[in-house]
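The values are calculated or read from the model by the stated rules, or taken from the named source; none is laboratory data. None of these values were measured; they are calculated from a predicted model. Note: ideal-geometry Cβ built from the backbone for every residue, glycine included; neighbour counts use all protein chains shown. Protein only, heavy atoms only, side chains kept; ligands, DNA and RNA dropped before computing areas. Shrake-Rupley method; radii C 1.70, N 1.55, O 1.52, S 1.80 Å.
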Amino acid sequence: MILVSWILIVLMIGLAVLSIELKNLIAAVVAMGAVSLIISLLFLLLQAPDVAMAEASIGAALTMAIYIIGVRETERSEK
Amino acid sequence: MIRKIVYAIFAAIIVIALVMFFAAYPFGANKMAVGTYYLNHGVAQTGAANIVTSVVLDYRGFDTLGEVSVLFAAAAGVAILFFMLGIGKKERENLTKPNFVVRVGSRIIFPFILLFGTYIFVHGHLTPGGGFQGGSIIASGFLLLYLSYPGTRVNRGGLSIIEGLAGLTFVVLGLWGLFTPTDSFLYNFLPKGLFNTLVSAGILPIIYIAIGFKVASEFAGIVDDMMCEVICRGGEK
Amino acid sequence: MSVLNWIYIAMVSVAVILSVVRMIKGPDITDRVVALDVFTTITVALFVFFAMIFDRYIYIDVALVYGLLSFIGVLVIARFIERGF
Amino acid sequence: MIYYVGSFLLIAIGLYAVIVKKNLIKILIGLNLIASGVNLLIISVGYIKGGTAPIFSRAGLNAKMMVDPIPQALTLTAIVIDASELALAVAFVVLLYRHYKTLDIKKIRSLKW
Amino acid sequence: MIIRLIVGYFLLYFGALFLLLGAFGLIRLPDLYTRMQAATKSTTLGAFSSVLGVGILHPGWFVKCVVVALFILLTAPIGSSALMRAAYKTGVPFDERTVVNKGEEFFDEQKKEEAK
């Protein structure tokens, strides 16, 4: 199990760096959604199914939709 | 350049402080003090199989009441910002319609999402999940409806009535405890019932259902505000 | 028995790593969104498998949430790209 | 141990984004990363090696092999709060953009009304 | 008993193989449309059969596992069809080796029907 969490955390850090370094804001939001997905997996590995379900139900759709509406009403890419 | 170095040093100090603090609490060791009490006595005292539920709703129920009011404040803030201060609206654009698969598929999926959200918050004291999770699942269903049928509006009056009734249920159940012999807020006055069945744990399932309706209506209100800012109000210049 | 489980986890981990690599490389937004779609689908299988490993029946509910809701995120981005909302 | 390292790195990345980036949406993403890192940190403090979830759903479970329920209860409410506050922040950002026609925080700060 | 174990692990590994193939196709294929071909179909099949395999290994869990598998089967096409249409309409480029483009005729006809 510890090996799986190593892999997941390395991927999570990579995606987090990606989400703040991408110029295109939509791509940054997509990377943010993937970070939320990995965090939900880690919560399940830490034996917290309640929290994993909360992160799943919030992060799967609602957070991404709110960000994308924000991006749509403003600018698509960071200058 | 110097500024960035100062910022980096600042961030490094915070991380080093975190590392030094958590060096005293090694990962995986048993550091419970209050948690042991809850685990040993939670089932007998509250009757809920899920100890997290009994911590959220029973031992720290007052905290949850405050948290629900924070949610209400945020939803009201979004509504106020978009409806009263909406300035500088854009012109209406030509929006593409959703395709056939999305329309029919979402019509099939939407009842399942509602059913599943209801399952999650009705079974909050037995399985993982509860009002917060089930409410946000139902709000995601409303988001799906907005995406596949642009132009739908949720009945805002109905939403606010549901929200108010749910909040009222929580507060009334809490205040009822003041009139029982124990004289405490949010006292679990109903009978505990048979352990690990649907009707058990006294008032906890009722409160979780109320929280589920409240969270669902608040997030649906937020989604309605934001999508309407994009779709419905585009034409008014 | 546990060796079989470990081989399964290794195969699925390789799949996860490959999809994240596509998300990092992807030249366009749509490539990244496809990678996210693949990643969520893999994750549903992984959730159910972890439920089997930990031997808790109730963990499947989390997989159910992702199986039901994960496509909404993809749909949001798709409708945004084609100027749908 | 790796969970601690991961959550520290997430918090550090989020702090970097909040401090250095100039785009308002990027700052919101940084705040979200900080929140996720803190949630992960709190949950991993409550983990006990070999423990299982604190739910007495079947026979044969006793309290000695369960993880700490309190961090889970705290984090559960924090996640939902995060999402609603994110909506509020996005509403503020949209209104700021309509007023100043820019997302650059430097320009917004310099234009005092 | 032993037959159940064999069938369950066979389904599990069948699913894992298809997940692996889907992710591999995501890396190796040249343009978006072929990548999506690999990604959606084969990972849906992979997740479906691997969830079903867990359901067969634990007979008491079978009903819920079937529900998860059905949800995957029901929801995966919706998102991918919307995404494919969006990609085509915004003009994501094809690979230069593409031979047939059926989408051209289809979307033209649809445009004419909408214009009527």
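Go through the range A:48-79 and give me each residue that's open to solvent by less than 10 Å² (accessible area, probe 1.4 Å) and more than 25 Å from B:Val230 (Cβ to Cβ).
Answer for the range A:48-79, where residues must be open to solvent by less than 10 Å² (accessible area, probe 1.4 Å) and more than 25 Å from B:Val230 (Cβ to Cβ): A:Ala48, A:Pro49, A:Asp50, A:Val51, A:Ala52, A:Met53, A:Ala54, A:Ala56.
What tally of residues in the range C:70-85 results from selecting those that are facing chain E (nearest Cβ under 7 Å), among the aliphatic types (A, V, I, L, M) and buried (at least 24 other Cβ atoms within 10 Å of the Cβ)?
3
With the structure loaded, tell me whether B:Gly129 is surrounded by 24 or more Cβ atoms within 10 Å (Cβ to Cβ), within 11 Å of another protein chain (Cβ to nearest Cβ) and part of a loop (DSSP other than H, G, I, E, B) or whether it fails that test.
When the stated conditions are applied, B:Gly129 passes them.
Test A:Leu11 against the stated conditions and say whether it is under 13 Å from the mean Cα position of the chain (by Cα), more than 14 Å from chain B (Cβ to nearest Cβ), open to solvent by 10 Å² or more (accessible area, probe 1.4 Å) and under 17 Å from C:Val16 (Cβ atoms).
It is true that A:Leu11 is under 13 Å from the mean Cα position of the chain (by Cα), more than 14 Å from chain B (Cβ to nearest Cβ), open to solvent by 10 Å² or more (accessible area, probe 1.4 Å) and under 17 Å from C:Val16 (Cβ atoms).
Can you tell me which residue among B:Leu190, B:Leu198, B:Leu168 is assigned to a helix (DSSP H, G or I) and either hydrophobic (A, V, I, L, M, F, W, C) or in contact with a Phe, Trp or Tyr (Cβ under 7 Å, 6 or more places away or on another chain) (or both)?
B:Leu168
Just for helices (runs of 4 or more DSSP H) wholly inside chain E: which have at least 2 residues that are of a type in the set (A, V, I, L, M) and within 22 Å of C:Asp31 (Cβ to Cβ)?
In chain E, the matching helices (runs of 4 or more DSSP H) lie at E:2-28, E:32-36, E:43-57, E:62-89.
If you take the residues of the range A:14-31 that are hydrophobic (A, V, I, L, M, F, W, C) and open to solvent by 10 Å² or more (accessible area, probe 1.4 Å), which of them is farthest from the other protein chains (Cβ to nearest Cβ)?
A:Leu22
From the list D:Ala35, D:Ala59, exactly one residue is small (Gly, Ala, Ser) and either facing chain B (nearest Cβ under 9 Å) or within 28 Å of B:Ile211 (Cα to Cα) (or both). Which is it?
The conditions single out D:Ala35.
Of everything in the range B:26-43, what is more than 24 Å from B:Thr53 (Cα to Cα) and either within 31 Å of the chain's Cα centre (by Cα) or part of a helix (DSSP H, G or I) (or both)? Give them in sequence order.
Correct list: B:Phe27 only.
Of everything in the range C:17-69 that's of a type in the set (Phe, Trp, Tyr), in contact with a Phe, Trp or Tyr (Cβ under 8 Å, 6 or more places away or on another chain) and free of Cβ contacts under 8 Å to residues at least 12 places away in the same chain, which residue is surrounded by the most Cβ atoms within 10 Å (Cβ to Cβ)?
C:Phe50
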